[in-house]
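Student: So that we are looking at the same thing, I have put the structure below in structure tokens.
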Amino acid sequence: MSSQKLDVVVREIAEEMKAREDRGEVARYIPQLARADPEAFGIAVIDADGEAHVGGDADVPFSIQSVSKVFTLTLALGKVGDRLWRRVGKEPSGTAFNSIVQLEHESGIPRNPFINAGAIAVTDVILSGHQPREALGEILRFMRFLADDLTIAIDEGVAGSEQRTGFRNAALANYMRAFGNLENPVEYTLGVYFHHCAIAMSCRQLAMAARFLAHGGRNPSTGLNVVTAERARRINALMLTCGHYDGSGEFAYRVGLPGKSGVGGGILAVAPGKASIAVWSPGLDASGNSHLGRIALEALTRRMGWSIF
Ligand code: DON
């Protein structure tokens with residue numbers, strides 16, 4: 001019954017979002033992302049029984065960008081556990097995703113693992129002396145394992161585009177390196193970071209990959225434990241407080257779920273015990289988060305009663 005209701009709600013939302021004229025602005029600072037179609041909209045919800053409810057462009061791959069930071073955080077915690085928190089904080093930044101200002105006063109330790117500086121430090125932990133190619137292979141294998149889909153790949157065009165123009169990220173990385181908070185050659189760490197941001201996935205694949213976060217650390221689709229229940233709770237807590245940068249308060253207020261956005265227009269959200277959700281619409285709001293993605297998630301949680309509050 002509730003599965004039927006979810007089906008109807010997801011379809012309604014996809015239709016409503018396709019028809020809207022306010023679509024936000026597609027990211028242009030990474031030239032390749034400027035080519036995204038602002039008319040695109042996709043949604044995929046995988047419920048507790050593993051059933052997928054999809055609408056719109058749910059099977060079209062897009063650049064996941066900062067959504068990848070949820071998965072690199074999970075990998076880095078798996079490698080070094082709570083020692084990770086010596087390299088990066090757990091507090092909301094209240095600043096833009098690519099801001100440098102706090103690093104100067106805070107000894108080169110980024111506020112959280114989701115702002116660019118924090119995600120670059122996390123990538124450095126995953127790299128830890130290995131070749132960039134090996135670290136990237138590990139991240140890609142992890143995504144394929146979580147989504148149970150070997151077709152997931154990196155969009156080399158997007159990675160190259162950011163590599164040629166990512167001067168702010170280069171500044172963040174060099175600045176952290178000056179404080180001793182980057183251990184690998186800057187170009188190695190940045191190379192891996194740009195490439196994991198350039199992973200292309202569809203809403204359906206992303207929602208599948210995040211099932212472990214909605215179900216106490218275990219992916220019920222594959223039956224495999226990914227992390228402990230405690231760690232899944234903590235990753236969700238960070239998504240709720242930091243997942244949308246300086247728009248995190250607004251997202252929690254309107255949607256009421258842990259969520260992580262990317263400048264490709266994707267948002268991953270987690271309704272604990274109920275569903276994993278991915279939406280995609282390339283137009284962004286002023287904080288760099290998907291404009292219609294957030295509106296769609298707000299409609300979904302309201303109609304399904306899924307806010308955690
Ligand atoms: O480093 C960057 O700027 C991009 N590769 C990722 C930023 C991002 O997705 C911010 N999210 N809304």
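Nothing in this text is a laboratory measurement; each read-out follows from the coordinates by a stated rule. Since we're looking at a predicted model, the values are computed, not measured. Every residue, glycine as well, gets a Cβ built from its backbone with ideal geometry; the counts of neighbours run over all protein chains shown.
Student: Condition test on A198, is it over 22 Å from R83 (Cα atoms) and touching an Asp or Glu at 6+ places or on another chain (Cβ under 6 Å)?
Tutor: yes
Student: Considering only residues that are more than 17 Å from H195 (Cα to Cα), in contact (Cβ under 8 Å) with a residue 40 or more places away in the chain and assigned to a helix (DSSP H, G or I), which ones fall in the stretch 75-93?
Tutor: Across the stretch 75-93, the qualifying residues are L77, G78, K79, V80, L84.
Student: State all residues of the stretch 288-300 that are within 12 Å of the ligand (Cβ to nearest atom) and of a type in the set (D, E, K, R); if no residue qualifies, say none.
Tutor: Listed by number, the list holds a single entry, R294.
Student: If I ask for residues that are within 12 Å of the ligand (Cβ to nearest atom) and touching a helix residue (DSSP H, G or I) at 6+ places or on another chain (Cβ under 7 Å), which ones from the stretch 260-287 would you list?
Tutor: Answer for the stretch 260-287, where residues must be within 12 Å of the ligand (Cβ to nearest atom) and touching a helix residue (DSSP H, G or I) at 6+ places or on another chain (Cβ under 7 Å): K260, S261, G262, V263, G264, G265, G266, I267, L268, L284, D285, S287.
Student: Now a separate question. What's the number of the condition D47 fails, among (1) in contact with a His (Cβ under 8 Å, 6 or more places away or on another chain); (2) under 21 Å from M176 (Cβ atoms)?
Tutor: Here D47 clears every test but (2).
Student: Would you point out the residue of the stretch 272-300, among those that are within 23 Å of A229 (Cα to Cα) and over 15 Å from the mean Cα position of the chain (by Cα), that is surrounded by the fewest Cβ atoms within 10 Å (Cβ to Cβ)?
Tutor: Looking at residues that are within 23 Å of A229 (Cα to Cα) and over 15 Å from the mean Cα position of the chain (by Cα), I get G273.
Student: State which residue is surrounded by the most Cβ atoms within 10 Å (Cβ to Cβ) when the search covers only the stretch 247-259 and only residues that are within 15 Å of the ligand (Cβ to nearest atom) and of a type in the set (G, A, S).
Tutor: If we take residues in the stretch 247-259 being within 15 Å of the ligand (Cβ to nearest atom) and of a type in the set (G, A, S), then G259 is surrounded by the most Cβ atoms within 10 Å (Cβ to Cβ).
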